[in-house]
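Enquirer: Here it is: the structure, laid out below.
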Amino acid sequence: TEIIDWQHPEILSKAAELSTASESFIEGSAGYINDIAKSCFEWVRDEIKHIGDHNISTVSCSASEVLKSGSGACYAKSHLLAALLRANSIPTGFCYQRLTVDDHGERFCLHGLNAVYLPEIGWYRIDPRGNNDEANAQFSPPIEQLAFPVQVKGEIDFKEIFADPLPLVIESLKKFKFTEELFENLPDAQVL
């Protein structure tokens, strides 16, 4: 799609590079798929900077924009991870949490993450947001370790897996080109 442009030459190149880590497994095996999924996840989580953590002023949306800029919000990072996994023929979807912005439940927003289909366990959610003092997402199937637990009244851990990013997320990323604007207008939904 326009947003998950996994056939973009630079996405294909990075996806191929990240898949070489799995040479110790038989192609198509569960170990092979898990290894590629982990490699792509950790690379996006650790190498693509979260715009809020690194004071980056511009907002990216499509997977190729995120790869080129080296940064993105949680939603944009999930777009890149989906593209890298799909370029490696690994089924991937989009998931969301509704979290409080201020830890007090006065303002909420959606948080974007991914689900990947692993042969031995099925759909497994992973969060490429990027770790910091408050977030510690890991790839350790079958145990989920997302960046943020749901803790405050009004927060929701949506279990749905979507083939495409939510339209309201795309609209926000396209409308607000600067991080400060986006963070003042983060998308929110009580029902998906």
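Enquirer: Work out how much length K175 to E134 would gain on full extension: take 0.36 nm times their residue separation and subtract the Cα-Cα distance, in nm to one decimal.
Expert: Extending this stretch completely gives an extra 12.0 nm.
Enquirer: Could you order I33, I121 so the one with the most accessible surface comes first? Probe is 1.4 Å. Show your work: numbers first, answer last.
Expert: Details: I33 35, I121 75 Å².
The ordering from most to least exposed comes out as I121, I33.
Enquirer: In nanometres, what is the gap between the two model label sites at L192 and S89, each 7 Å from Cα along Cα-to-Cβ?
Expert: The answer from the label model is 2.8 nm.
Enquirer: Over the stretch 1-134, what is the relative contact order in percent, taking alpha-carbon pairs closer than 8 angstrom and at least six residues apart?
Expert: Details: 241 pairs, mean separation 34.2, N = 134.
About 26 percent, as a whole number.
Enquirer: Something else now. Could you calculate the FRET efficiency of I156 with E184 from 1/(1 + (r/R0)^6), where r is the beta carbon distance between them and R0 is 35 Å, rounded to 0.05? Let's see the in-between values first.
Expert: Working: r = 22 Å, r/R0 = 0.62.
Once rounded, the FRET efficiency stands at 0.95.
Enquirer: While we're looking at this one, here's another question. If you keep only loop residues by DSSP, which GluC sites (Glu not before Pro) in the stretch 55-161 have at most 13 other Cβ atoms within 10 Å of their Cβ?
Expert: Numbers: sites: E65, E106, E120, E134, E144, E155, E160; in loops: E106, E120, E134, E155, E160.
Here the GluC sites (Glu not before Pro) that fit, given the DSSP loop and packing criteria, are E106, E120, E134, E160.
Enquirer: Which whole-Hz ³J(HN,Hα) couplings does the stretch 186-192 yield from phi under the Karplus relation 6.51 cos²θ - 1.76 cosθ + 1.60, θ = phi - 60°, glycine and proline marked x?
Expert: Working through the residues one at a time gives 4, x, 9, 7, 8, 9, 10 Hz.
Enquirer: Follow-up question, since we're still on this one. What is the helix-to-structure angle for 9-19, meaning the angle in degrees between its Cα long axis and the longest Cα principal axis of the chain, kept from 0 to 90 and rounded to the nearest 10?
Expert: Tilt relative to the chain: about 70 degrees.
Enquirer: Amide H to amide H, which residues 5 or more places from A115 or on other chains are under 5 Å from it, using H placed in the peptide plane?
Expert: Here the answer is G93, F94, C95, I126, since their amide H atoms fall under 5 Å of that of A115.
Enquirer: Please state the charge dipole magnitude for the stretch 20-140, taken about the Cα centre, from unit charges on C-beta atoms (+1 on K and R, -1 on D and E), reported in debye and rounded to the nearest 20. Don't skip to the answer; put the middle values down first.
Expert: Working: 10 positive and 15 negative charges, 76 e Å.
That gives a dipole near 360 debye.
Enquirer: Continuing with the same structure: Using the Karplus equation 6.51 cos²θ - 1.76 cosθ + 1.60 (θ = phi - 60°), what ³J(HN,Hα) coupling, rounded to whole Hz, does each residue of the stretch 128-137 give in order, writing x for Gly and Pro?
Expert: Once θ is set to phi - 60°, the couplings for the stretch 128-137 become x, 3, x, 7, 7, 5, 9, 10, 9, 8 Hz.
Enquirer: Using a 7 Å offset from the Cα along the Cα-to-Cβ direction at both D164 and E2, what is the distance between the two label points in nm, to one decimal?
Expert: Between D164 and E2, the label points sit 1.0 nm apart.
Enquirer: Would you mind getting me the FRET efficiency between W123 and D46? Use the beta-carbon distance for r and R0 = 22 Å, nearest 0.05. Walk me through the numbers before you get to the answer.
Expert: Numbers: r = 23 Å, r/R0 = 1.05.
After rounding to 0.05, the efficiency reads 0.40.
Enquirer: So which aspartates and glutamates pass the test for K49, namely a Cα distance under 17 Å, with those fewer than 8 places away in the same chain ruled out?
Expert: E65, D127, D133, E134, E180
Enquirer: Mind listing the phi-derived Karplus ³J(HN,Hα) values for the stretch 158-166, rounded to whole Hz, using 6.51, -1.76 and 1.60 with θ = phi - 60°, and x for any glycine or proline?
Expert: Coupling constants for the stretch 158-166: 5, 8, 5, 10, 9, 5, 10, x, 5 Hz.
Enquirer: How many Å² of accessible area per residue for the chain, probe 1.4 Å?
Expert: I get 49 Å² per residue for this part.
Enquirer: Same structure, new question: Where does the chain land on Rg(C-alpha)/(2.2 N^0.38 Å)? Please list the in-between numbers first.
Expert: Numbers: Rg = 15.7 Å, N = 192, 2.2 N^0.38 = 16.2 Å.
Ratio of Rg to 2.2 N^0.38 Å for the chain: 0.97.
The values are calculated or read from the model by the stated rules, or taken from the named source; none is laboratory data. Here the structure is a predicted model, which is why all the values come from computation and not from measurement. Here the Cβ is made from the backbone with ideal geometry for all residues, glycine too, and neighbour counts use every protein chain on show. Note: areas computed on protein heavy atoms with side chains; ligands, DNA, RNA excluded. Shrake-Rupley method; radii C 1.70, N 1.55, O 1.52, S 1.80 Å.
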